[in-house]
Structure formats: C-alpha cells, structure tokens
Amino acid sequence: MSISPENFHNVLEKEGVVFYTGVPDSLLKHFCFYVNDNVSEERHLIAANEGNAIAIAAGYNLGTGKIPLVYMQNSGLGNAVNPLLSLCDPDVYSIPMILLIGWRGCPGIPDEPQHIKQGKIQIALLETMGIPHCTISNEDNQFEEKIKNGVNTALANKMPYAILVKKGSFNEYRPLSINKNISSIFREEALEIILSRLPNDVVIISTTGKTSREVFEIRQKTNSNHDSDFLTVGSMGHCSSIALGIAISRPSLKIICIDGDGSLIMHMGGLSTIGKIKPKNFFHILMNNEVHESVGGQGTAAKNIDMQALAKANGYENLFFAENTNSLKNQFNNLILQSGPSFLEIKVEPGSRDDLGRPTLSPAENKEFFIRSLRKKNS
C-alpha cells in the first residue's frame, strides 16, 4: 500500500525534521504538494538547484542544530555531489541531514532513457560517497522505522543519510491551489507560432521536459522536418550552454535556445558567459510559466525575478517580451532580425495536453540527425 504524504510528514516532524528544501521531482510530487500546503514558507524553500538546497540545509543545521531534509530527483544528485562531499561529509564539516531522493531509472522499472544510467548506478554512487541509505516503495510497511533509523544515523554520525523513493511510493495528494492565469497563451501555442516562422538558417535547442516533447509533436503534426531540433531530454539547466557551444562553432547559423524558467534559474550563471562572449547568432527564448511543470507544477522563483533586467545585466544586446498571440508574432519577427545575443521572454500559462506524447527518436538518433543537419546547412 502506498504511503500517505501526511503520515510521512508527521513521522518526520515527530523525529525533529521540520525544515524542508530541494528541487521538485515527479516521484516525490505528492509529498512536496503536502509540504507546500502545510509548512510555512520560512520552513520550506524550493531551491534553484540541488547543490543550493544542500547548502541551505547545511546553513539551517549550523544555525539551529536541527536536522533538515533535502528532496530531489536522483538526476539532480550530480548538482549536490560537491557540497555533500566538500561541505557536509564527516571528513570536512560533518553536517547531518536527510536526503529524500526520487529513484528514477530504478532497475526493473521502465523509465525514460536519460534516467537509465543514473538509476543503474544509484546505490553504488551513494556507497562510493559514503552516504548510508535505505529504500522505500509502495509495498513498504516499515517507513516509520526507516525514517527514525535514518535520523538517528545522521545525528549520531553527523552526516547525510539518504532515503531512496521508488515510483508510486506516495498516495495522491491534491494541492489546495494551482498556479494559473499568468498569461492568455499556452506554451504549445507559442511554440507553434515560433516554429512556423523559422527561416532556413535556424537550428533549435529546446530544454528538457514538456517543451522538447511539444516541439517534437508539433513537427510531427505539421509533417515538418525536425532534424534541426536538438531535444535536450536531460541535463536540466544546461540547454543554453549547449546552444552557446553550437553558436560559437557554427557562426553562420542562427541558434535559437528555447528555455524554461526552472531550467534558466537552475544554472543562471550560464547567462553571464553568453553575455560575455556575445555571439551574434544566439537567440534565447524563455517560456516563463513560473512553475516546474514537468514534475508537478510547483512554483519557481520566476515570479520574483525581472527576467528582462536579468538578461540585460548579463550583457544581452536586445530584449523582447510577449504575453499573448499578437505580441508574440510581432516580437518574434523583431527578434530574429536582430544581432544577438538577444532575449525574448514569453509569459505562458501553466499546463499541457493530457495526451502529450514523447519523442519516438532515441537521444542518440536525435543527435545523429541533428549533426547531419548542421553539416548540410554549412555545406
């Protein structure tokens, strides 16, 4: 039987875990929904990336002596490795905390290709890092004892302790409120407008999650060639850096990066490199719906950020903004005529089609088609 998010939360608090931070994950979304609805903002912070969350948790422990919890998808463990080993490890500052990790790509459970390797090495990775751990699933009737043991182990040894969460471990919890009504246009509508107006010398690099899935489906629906689209299915936060590398290596082509607010915020430092290099063929389009939509719709910090001012401060040459169909058509036409780096922020409504599919090409196939397309465009 699946675990009630409320019961899981109550056991944590009984054991003295009252502070939560992290990056949302689809396997943990019902627990995160419950925490978001029932824990004050002072005790629950959605971080920019998993490494930030580890550091926030470490600071909380230093300030209070209490044990915090950091939640994340296991794909985000890479962002957390440095502060876990160089800050929290017993050989350094010896800081206790609970890591609640969604185990994507768990062996024996079908998952997307970008999660397979991470899931396969998950246990070995934690063991190599010297982090004790346990696993919970929807068949678990000992999660209370596992939480208690994890907290006691973390406190006694002054070190992080990981709880791996398999798919379907938590019961459904419906959030009290949903982020809506920030725009009159949905992301897929915006993408259809953009893709229908591309000149021939353009390539697309789209961010992970539903954005790349929608790009692929629009191409399929319109019988369009998608060889010039690089669909970034993993490595969240890095699509703009991938696009920058391509822009530098292919200066004769227009490179359009289609980003998301959660992705941009996760590795915001990438903007400074783009602004420093100033590639004239770089066009950065931000689909801003103010949520981590692909993993449940939890809010990002985007509503508190002036994205236009951020891009300008980092050296982008031209700034554009759209929030409806007409303004997007006009602003995209203006964007593509400029010399980069240029930035277009599109405010889009959260949400997507229930029947949204996934690319039928493997990542490796997508890469090969994309490389061939680049060579043809430069020939």
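For segment 103-126, check the following and say yes or no: at least one residue is under 16 Å from residue 80 (Cβ atoms), free of Cβ contacts under 8 Å to residues at least 60 places away in the same chain, part of a loop (DSSP other than H, G, I, E, B) and open to solvent by less than 50 Å² (accessible area, probe 1.4 Å). Looking for residues that are under 16 Å from residue 80 (Cβ atoms), free of Cβ contacts under 8 Å to residues at least 60 places away in the same chain, part of a loop (DSSP other than H, G, I, E, B) and open to solvent by less than 50 Å² (accessible area, probe 1.4 Å), one finds none in segment 103-126, hence no.
Quick check on this structure: which one of 16, 63 is in a helix (DSSP H, G or I) and more than 23 Å from the chain's Cα centre (by Cα)?
Working: 16 fails: in a helix (DSSP H, G or I).
Among 16, 63, only 63 is in a helix (DSSP H, G or I) and more than 23 Å from the chain's Cα centre (by Cα).
Quick check on residue 290: is it acidic (Asp, Glu), open to solvent by 10 Å² or more (accessible area, probe 1.4 Å), within 20 Å of the chain's Cα centre (by Cα) and closer than 27 Å to residue 186 by Cβ? Against the criterion (acidic (Asp, Glu), open to solvent by 10 Å² or more (accessible area, probe 1.4 Å), within 20 Å of the chain's Cα centre (by Cα) and closer than 27 Å to residue 186 by Cβ), residue 290 qualifies.
For the condition at pLDDT 90 or above, under 24 Å from the mean Cα position of the chain (by Cα) and part of a helix (DSSP H, G or I), what is the one hit in 255, 204, 246?
Numbers: 255 fails: part of a helix (DSSP H, G or I); 204 fails: part of a helix (DSSP H, G or I).
From the options 255, 204, 246, the qualifying one is 246.
Only residues that are assigned to a helix (DSSP H, G or I), among the hydrophobic types (A, V, I, L, M, F, W, C) and under 26 Å from residue 247 (Cβ atoms) were counted in segment 258-305, giving 7.
A search for C-beta distances below 6 Å between a residue of segment 255-278 that is under 25 Å from residue 200 (Cα atoms) and any residue that is assigned to a loop (DSSP other than H, G, I, E, B) and open to solvent by 10 Å² or more (accessible area, probe 1.4 Å), counting only pairs 6+ apart in sequence or on different chains, returns 255/281.
Only one of the numbered conditions (1) in contact with a helix residue (DSSP H, G or I) (Cβ under 8 Å, 6 or more places away or on another chain); (2) closer than 21 Å to residue 133 by Cβ is not met by residue 27, and that is (1).
Find the residue count for segment 210-233, including only residues that are open to solvent by 30 Å² or more (accessible area, probe 1.4 Å), among the acidic types (Asp, Glu) and closer than 22 Å to residue 350 by Cα.
Initial filter on segment 210-233 (open to solvent by 30 Å² or more (accessible area, probe 1.4 Å)): 210, 213, 217, 220-227, 230, 233.
Filter again for among the acidic types (Asp, Glu), leaving 217, 227.
Pick out the ones that are also closer than 22 Å to residue 350 by Cα and you get 217.
Residues meeting the conditions: 1.
The values are calculated or read from the model by the stated rules, or taken from the named source; none is laboratory data. Note that the structure is a prediction, hence the values are computed from the model and not measured. Ideal geometry is used to build each Cβ from the backbone, glycine not excepted, and the neighbour counts take in all protein chains shown. Each accessible area value is taken on the protein alone, full model and side chains, heavy atoms only, with ligands, DNA and RNA left out. Shrake-Rupley method; radii C 1.70, N 1.55, O 1.52, S 1.80 Å.
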